[in-house]
Amino acid sequence: MAAAPGRAEVRTLLVEVGRKAGDGLPEQCTGAALLCYAAGVTEAEAVNETVAVLKAADLAPLEVTVQGTAAERRAAGEEIGAEEEALMARALAENAVIVVQVMPFFDG
């Protein structure tokens, strides 16, 4: 079920980041994937806000893959647990971007 026009929804985003001085990633990694929940009225707004927040945090976003809203993910057969639901609700309530997981990339 789609949200009413003008109503924010939370989308799950997978963001690949490269290296940048002061990014706080482990020294030996070549970049990372960040799992984020982002509130936005549109998909583009959620993506743009996420990129802006990550850049402000001295990260270097390279690519963003939208996994969808909770409803879209459920329709695709994914299960969403209570902890994930709570984080999504928080992102919506705070109109925020929440980085849920950071997965550094290492050569070899």
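Given the criterion over 14 Å from the mean Cα position of the chain (by Cα), assigned to a strand (DSSP E or B) and surrounded by 12 or more Cβ atoms within 10 Å (Cβ to Cβ), identify the matching residue among Pro104, Pro61. Criteria check complete, one pass: Pro104. Here Gln28 meets the list (1) outside any helix (DSSP H, G or I); (2) in contact with a strand residue (DSSP E or B) (Cβ under 8 Å, 6 or more places away or on another chain); (3) touching a residue at least 40 places away in the same chain (Cβ under 8 Å) almost entirely, failing just condition (2).
Exactly one residue out of Val15, Val53 is assigned to a helix (DSSP H, G or I), of a type in the set (Val, Ile, Thr) and at pLDDT 95 or above, and it is Val53.
Val10 meets each of the listed conditions (1) part of a strand (DSSP E or B); (2) within 24 Å of Phe105 (Cβ to Cβ) apart from (2).
Criterion first (part of a strand (DSSP E or B) and aliphatic (A, V, I, L, M)) does Ala39 satisfy it? It is true that Ala39 is part of a strand (DSSP E or B) and aliphatic (A, V, I, L, M). Taking the range 72-101 as the range and being in contact with a Phe, Trp or Tyr (Cβ under 7 Å, 6 or more places away or on another chain) and not in a helix (DSSP H, G or I) as the test, the residues that pass are Ile98, Val100. Looking only at residues of the range 64-94 that are surrounded by fewer than 13 Cβ atoms within 10 Å (Cβ to Cβ) and of a type outside the set (A, V, I, L, M, F, W, C), we find that the one that is nearest to Arg7 (Cα to Cα) is Glu94. All conditions in (1) part of a loop (DSSP other than H, G, I, E, B); (2) in contact with a strand residue (DSSP E or B) (Cβ under 9 Å, 6 or more places away or on another chain); (3) more than 14 Å from Phe105 (Cα to Cα) hold for Ala21, with the sole exception of (2). Of everything in the range 64-87 that's among the aliphatic types (A, V, I, L, M) and within 12 Å of the chain's Cα centre (by Cα), which residue is nearest to Ala33 (Cα to Cα)? Here the residue is Val64.
For Asp23, the conditions (1) at pLDDT 95 or above; (2) surrounded by 13 or more Cβ atoms within 10 Å (Cβ to Cβ); (3) at negative phi are fulfilled apart from (1).
The values are calculated or read from the model by the stated rules, or taken from the named source; none is laboratory data. This is a predicted model, so every value here is computed, not measured. Here Cβ is always computed from backbone atoms with ideal geometry, including for glycine, and neighbour counts include all displayed protein chains.
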